[in-house]
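Q: Okay, handing you the structure first.
The values are calculated or read from the model by the stated rules, or taken from the named source; none is laboratory data. Given the structure is predicted, the values throughout are model-derived calculations rather than measurements. So basically every Cβ, Gly included, is an ideal-geometry build from the backbone, and we count neighbours across all protein chains shown. Surface accessibility is based on the protein's heavy atoms, side chains included, excluding ligands, DNA and RNA. Shrake-Rupley method; radii C 1.70, N 1.55, O 1.52, S 1.80 Å.
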Amino acid sequence: MVSGALVFQSLVLGVLLGGLYALLAAGLTLYFGVMRVVMIAHSAFLILAAYLAWYFHRETGLDPLLSLPITVPLFFACGVAIQRLLLARLRPATRTMMSVLLTFSIALVIEGALGTVFTGTQRRLQLPYSGASLELFGARVAVVKLAAFAMAAAAMLALYLVMTRTRFGHALRATIQHPEAAQLVGIQTARVAGYGFGLGLATAAIGGTALALDSTIYPSLHWRWIGPLMAIIVVGGLGSVVGTAIAAMVLGMAMSLLQIPLGTTWAQTVFYLALFATLAVRPQGFFGGRLAKRF
Amino acid sequence: MKPANRIQRGMVAAVAVVAIAWSGGCGRKSGTSSKDPILIGISLPLTGDFSEPGKGIQRGYEAWAKVVNDGGGLLGRQVKLKFLDDQSSADRVVSDYEQLIGKDKADLVFGPFSTRLVVPAARVAEEYGMLFVEPAGAAKQVFEQGFKNLFYAAPAVATDHYNHLAKYLLALPEGTRPRTAAYAAMDDPFAKGTAYGLKAKLEAGGIKTVVDEVYPPNTTDFSSIAAKIAASKADIVVGGSQYQDGVNLIIALQQLSYQPKVAAFSTAPTEPEFAKAVGNKTEGILAPTGYTPLGKFPSNVEFVQKYTAQFNGPPSEDEANGYTTGQVVAAAVKAVGCVEQGPCQKKLVDWLHANPVDTVVGPLKWDDKGRPQGAHMIQQWVGGKILIVLPENLKEAEMVFPKPAW
Amino acid sequence: MPSGSEPRRSAPALRPILRLAAIAVGAALILSFPAIAGNPYMVTVGIGILNYAVLATAWNFVGGFTGYISLGHGALSGLGAYATALLVTVAGLPSFAALLVAAALVAALAIPIGAAALRVRGASFVIVSIALVLILVLVFQSWESLTGGSRGLVVPRPFPALHRAEHHRVFFFLFAGLLALALAAWWLIDRSRFGLGLKAIREDEDKSEALGIPTFTYKLVVFVVSAALTALGGGLYALWFGDLDPVFQFSVLNGSTVVLMALLGGVRHLFGPMLGALVVGAGLEYAKLEYGDTPLHLVATGLVLGVVVMVMPDGVIPALSSLVRRLFGPREASIREVTAAELLEGRRRAPPPPPEPAPPRDDAAEVSR
């Protein structure tokens, strides 16, 4: 028997979840737009950021959000390094396939390193406000979920401002739209691509920290995320951040609502079904507009 | 392909084959001379889903080995434990026991943690004719596989863990008795077994089931299950959990301010890190247990003392299960007088089928399928400590009912 | 004068004989392994490696011929395993009949899957292949009434009377047989026009399409063949191992270890994946024996994969052979028959020829040229 309260509760949860997914997937679509690279290691970096947040909190006792000034620049630098030193060296002809394997190997190294350093024991941030909740029009909203959503919203807003209001953002969007034309106009696409990658990984730092607030983390957790995130970027349109955000909200809410009749596990299949449907019906994605490409 | 390449490839292959065969062929022989240490092979989930309880069992085994060795060893020989990490994976546990029995020629094997891992491991041991005493395979399917060498080293099987609680709840007067119950169980034979054992008895007693959810082991997000339970406003919530999933479900329920009258979870509340993990909001949470450190059995007093000295803290149920396994095997070995692979193992099996053993959880005896014939106790978090509240004759504190708000 | 661009000649009659001899030695070594191995545990290690070899060779139908890197073959082997298991436990078929029926079912299923996946290229193909594995984990975990969920599915032994050690030996030979089948199939395709068409797709798909090769049909056919062999491997594993768990059967990590093995050994060669399976499988097993199961294996696997991709995407053995040849083999001559130094010497000694008188500029002749 499904009550209206339960549906509303799930809707609220879905919105919060969708917002978080949007941030987590934004980086993934950026990498793709910039270099046509499927960055499988993105979710591994998310988990790495989550572990760093947890470790920071455990060692210093401070709120994990205070670790962001350290992790964000660190991840940005990492992203630039990966793009310039590794991905740019692949032969362009087979770059897409080889980048899959290369980023996959990075993901394995990260997972193995996390397992070695922190062991496979499941970890959870124990914050004083972990169990607290607020009442919102009859639905109970956990404070940590709200905080994660707020972080995601702030980060997406910042990303939007960077992409639309700064010169670098314009250069990045030009590179995503048409690298050759961008070069002709004088944009240093190689450098911009590097910074674009760094930007993507910086969003991973924020996203991972947001994830850590209300999740249990363990080294192989990234497998649970890579599927839904890849589905989101395909449904939204590869290369389009706006498309990704919309797809994330839609799929997040769909999953949350489907959990009522189907249970958590079956509800997760909605991501994959949406992925297959998109590739069958409209391979360039639904929400990306002119920016989305068929790959 | 050029012949040179083909020959190179062939040579690489030959070298690799010979290298593996040679490295694998060297191993010890079982049952060697009387002054060599006795090798006991164990595979445990030291990483992965079952790592918390797995490490607990490891500490129990180590405590047992130290006590035995300090006391002169088993049959005059020191015991040596060899641990392999099966990473909570059923595939690995099988190859681990194949390695321990086939290559390392262990004289004895102890069981791993969790029913999911115990069944495939027991099959390996059974087919090589080894005695298999295990600390943690309690679900009924363990005993339905036709194993003849298996013994479970704890007082009762999974479905009987909550028997005392069921009796208590059904004995409450009509007005105060809870009327509805919500069940959330991990898709694991043990965890689900405990929850469903209680469910069967409560349903038979007229308590309605309003939520019945089963989740896979690697589930970490319980917001939707918690939302369903909270929306149902069930009087009782029963969690068939291991460790982290129990913690996560409880936190999710706290986040929704759901206040049940009875909250019972298996395994999680008995782990050392539990209180901190749920923000110390533990008052009233119930858990079944086969063991209490305050138990007065003679070997228990010694166990608690020596364990606390070795590990800086009292033992809990997992450690006790490990220790009990050691005690059971040691008793058989001492009585029969042999310890090696081969016909000796059958003698150990026969002896255990015929004789009870005194352990830290009391005297244990088994039926022909390896099921112990005792009962579990019910613990509750009262005043920041976890204490026995049922059955009446063993209780350390009064049962708190209904459960106070988180 | 012999030119450097001609292949080194050895006695022509010797090459097929050497080839056959090498294969015979290899086969003899494999078949005698259960006898050399000291204990049943080593036989299980051998089975594990043979299983990897079968999966890697089966994968190589798609990866080696068409160049499509599929990380989703774990889905196919898992489906083969569960199909076999369910046909035995639920439908009551005898074990090996179940195995063949299961492989046929998976091959049939591979037609729509392949049709959908192969419509897209590059990045989307990889995403689809991974997504397939991940969705199957979810489905098989949730559908516990059918598949046993995370409690596992027990598969009865095909030969219940056999002692465990014997059981391992028999399956070792069964896996060796399956490997031989896969190798034979690969060899046949390699030599055929079909194989030639596939390799054209690998080199440049659009141009092959323009040349009239029915690229989609070819890709689909080879995908179905690959799926059938992979399913046979998975099903045989289910019959041997006896206990199926969705997380282990549908594993992207397993699938990509297989890819690593194929890459390492060399995707363009018949025995490449098998050799890669031997090296990586033996390496993993050795590391496990010496150091126990630690997450460092993941780090090592990741590093090896990364190095292979960056430095030697054609495989270790071809890279090593060319390195060895460069360092120790006879110096290969350049296209020019003399070195630049000798040419300079020769020019210094002989006077330069007088420059030719420039031909009269003839616009008409220029235009007509």
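Q: I'd like the FRET efficiency for A:VAL15 and A:ARG89, computed as 1/(1 + (r/R0)^6) with the beta carbon distance as r and R0 of 35 Å, rounded to 0.05.
A: It comes out at approximately 0.25.
Q: Ok, one more. Before rounding to the nearest 500, sum -39500 (n - 2.57) across all DSSP H runs of length at least 4 in chain A and divide by the residue total; then give [θ] at 222 nm in deg cm²/dmol.
A: Estimated from H runs of four or more residues: -25000 deg cm²/dmol.
Q: Still on this structure: What percent antiparallel are the DSSP beta bridges of the protein assembly as shown, to the nearest 5?
A: Antiparallel bridges: around 40 percent, rounded to the nearest 5.
Q: Which residues does the label zone of B:LYS80 cover in segment B:41-69, counting backbone N under 19 Å from a point 7 Å along Cα→Cβ?
A: Inside the label zone: B:41-44, B:61-69.
Q: Have a look at A:ILE206, A:ILE246, A:ILE70 and tell me which one the Gaussian network model of chain A (Cα, springs below 10 Å) gives the largest fluctuation.
A: Judging by the Gaussian network model, the answer is A:ILE70.
Q: Let me ask something else about it. Please give the calculated 222 nm ellipticity per residue for chain B, where each DSSP H segment of at least 4 residues contributes -39500 (n - 2.57) and the sum is spread over every residue; nearest 500 deg cm²/dmol?
A: Calculated from helices alone, the mean residue ellipticity at 222 nm is -12500 deg cm²/dmol.
Q: Moving on to the next point. Between C:GLY48, C:GLY38, C:GLY329, which gets the highest mean-square fluctuation from a Gaussian network model of chain C, Cα cutoff 10 Å?
A: C:GLY329
Q: Output the relative contact order of chain A, whole-number percent, from Cα pairs under 8 angstrom with separation of 6+ residues.
A: 35 percent
Q: What is the interface area between chains C and B, defined as buried accessible area summed over both chains with a 1.4 Å probe, reported in Å² to the nearest 100?
A: Adding both sides of the contact gives about 4400 Å².
Q: Related question: Could you calculate the FRET efficiency of C:TYR286 with B:ASP358 from 1/(1 + (r/R0)^6), where r is the beta carbon distance between them and R0 is 35 Å, rounded to 0.05?
A: 0.20
Q: Same structure again: Within chain C, which is the longest segment that contains none of the GluC sites (Glu not before Pro) sitting in a DSSP loop with at most 12 other Cβ atoms within 10 Å?
A: Within chain C, the longest run free of exposed GluC sites (Glu not before Pro) spans C:1-331.
Q: So the label point goes 7 Å from the Cα of B:GLU283 along Cα→C-beta, right? Which residues of segment B:228-262 then have their backbone N under 14 Å from it?
A: Counting backbone N atoms under 14 Å from the label point, the list is B:260.
Q: If you don't mind, another one. Which parts of segment A:14-34 would a label at A:LEU157 reach, counting a residue when its backbone N lies under 20 Å from a point 7 Å out along Cα-to-Cβ?
A: In segment A:14-34, the label zone of A:LEU157 (backbone N under 20 Å from the point 7 Å along Cα→Cβ) covers A:15-27.
Q: Here are some pairs, B:LYS201/B:LYS395; A:LYS145/C:LYS288; B:LYS55/B:LYS228; B:LYS201/B:LYS346; which of them have Cα atoms lying more than 30 Å apart in this structure?
A: Long pairs (Cα-Cα over 30 Å): A:LYS145/C:LYS288; B:LYS55/B:LYS228; B:LYS201/B:LYS346.
Q: Taking amide hydrogens as modeled 1.01 Å from N in the peptide plane, which residues meet the under 5 Å criterion relative to B:ASP212, leaving out close sequence neighbours?
A: Long-range HN contacts for B:ASP212: B:TYR183.
Q: Relative contact order of segment B:262-340, please, whole-number percent, based on alpha carbon pairs below 8 angstrom and at least 6 residues apart.
A: Relative contact order, segment B:262-340: 24 percent.
Q: Let me ask something else about it. Let me have the relative contact order for segment A:147-237, percent, based on Cα pairs under 8 Å that are six or more residues apart.
A: Worked out over segment A:147-237, it gives 29 percent.
Q: Here is a further query. What distance in nm separates the two pseudo spin-label positions at A:ALA132 and B:ALA405, each 7 Å out from Cα along the beta-carbon direction?
A: 1.5 nm
Q: Helix-only mean residue ellipticity at 222 nm, chain C, DSSP H runs n ≥ 4 weighted -39,500 (n - 2.57), per residue, nearest 500. What is it?
A: It comes out at -24000 deg cm²/dmol, rounded to the nearest 500.
Q: Next question, about the same structure. Which FRET efficiency value, to the nearest 0.05, is calculated for C:LEU162 and A:LEU66 with the Förster distance at 60 angstrom and r the Cβ-Cβ distance?
A: 0.45
Q: Shifting gears a bit: With a sphere of radius 15 Å drawn around the Cβ of A:LEU262, what net charge do the other residues whose Cβ falls strictly inside it have (Lys, Arg +1; Asp, Glu -1)?
A: For residues surrounding A:LEU262, the net value is -3.
Q: With every protein chain present, what is the per residue accessible area of the protein assembly as shown (1.4 Å probe, Å²)?
A: 40 Å²
Q: While we're on this one: Can you pull the percent of chain A's accessible area that's carbon plus sulfur, 1.4 Å probe, other chains left in place?
A: Carbon and sulfur together cover 68 percent of it.
Q: Could you list, in their original order, any pairs among B:LYS105/B:LYS347; B:LYS334/B:LYS365; B:LYS35/B:LYS369 whose Cα atoms are separated by more than 25 Å?
A: Too far apart for the 25 Å limit: B:LYS35/B:LYS369.
Q: Another question, then. Taking the Cα centre of chain A as origin and charging only Cβ (+1 Lys, Arg; -1 Asp, Glu), how large is the dipole, in debye to the nearest 20?
A: That gives a dipole near 820 debye.
Q: Give the distance, in whole Å, between the Cα centre of segment C:47-71 and the Cα centre of segment B:245-296.
A: Centre-to-centre distance over Cα atoms comes out at 48 Å.
Q: Want the number for A:ARG58 to A:THR166: 0.36 nm per residue separation, take away the alpha-carbon distance, what's left?
A: Between A:ARG58 and A:THR166, full extension yields an extra 35.2 nm.
Q: Something else about it: For chains A and C, what's the summed buried accessible area, probe 1.4 Å, to the nearest 100 square angstrom?
A: When A and C are taken together, about 3500 Å² of accessible area is lost.
Q: While we're on this one: I'd like the antiparallel share, as a percent to the nearest 5, of DSSP beta bridges with both residues in chain B.
A: 30 percent
Q: Also: With chain C treated as a Gaussian network of Cα nodes joined by springs under 10 Å, which of C:THR217, C:THR294, C:THR147 yields the largest mean-square fluctuation?
A: Highest fluctuation among the options: C:THR294.
Q: Please identify the trypsin sites (Lys or Arg not before Pro) of segment B:35-132 that satisfy two criteria: DSSP loop assignment and at most 16 other Cβ atoms within 10 Å. Which are they?
A: Counting only loop positions with at most 16 other Cβ atoms within 10 Å, the trypsin sites (Lys or Arg not before Pro) in segment B:35-132 are B:LYS35.
Q: Can I ask one more? Find out how many positive minus negative residues lie around B:GLN310, taking Lys and Arg as positive, Asp and Glu as negative, among other residues whose Cβ is under 13 Å from that of B:GLN310.
A: It works out to a net charge of -1.
Q: Okay, next question. With each label point set 7 Å from Cα along the Cα-Cβ vector, what nm distance links C:ALA27 and C:ALA104?
A: 2.8 nm
Q: What net charge do the residues around C:LEU244 carry, taking every other residue with its C-beta under 11 Å from that of C:LEU244, with Lys and Arg at +1 and Asp and Glu at -1?
A: Around C:LEU244, the surrounding residues sum to -2.
Q: Scan chain B and note any complete DSSP helix (H) whose C-alpha atoms cover at least 30 Å along its axis and whose Kyte-Doolittle average is -0.5 or more.
A: Membrane-span-like by this rule: B:3-25.
Q: Post the alpha-carbon centroid distance, segment B:354-406 to segment A:229-270, in whole angstrom.
A: 46 Å
Q: Would you mind checking which residues have amide H under 5 Å from A:GLY120's amide H? H placed 1.01 Å from N; only 5 or more apart, or other chain.
A: Here the answer is B:GLY48, since their amide H atoms fall under 5 Å of that of A:GLY120.
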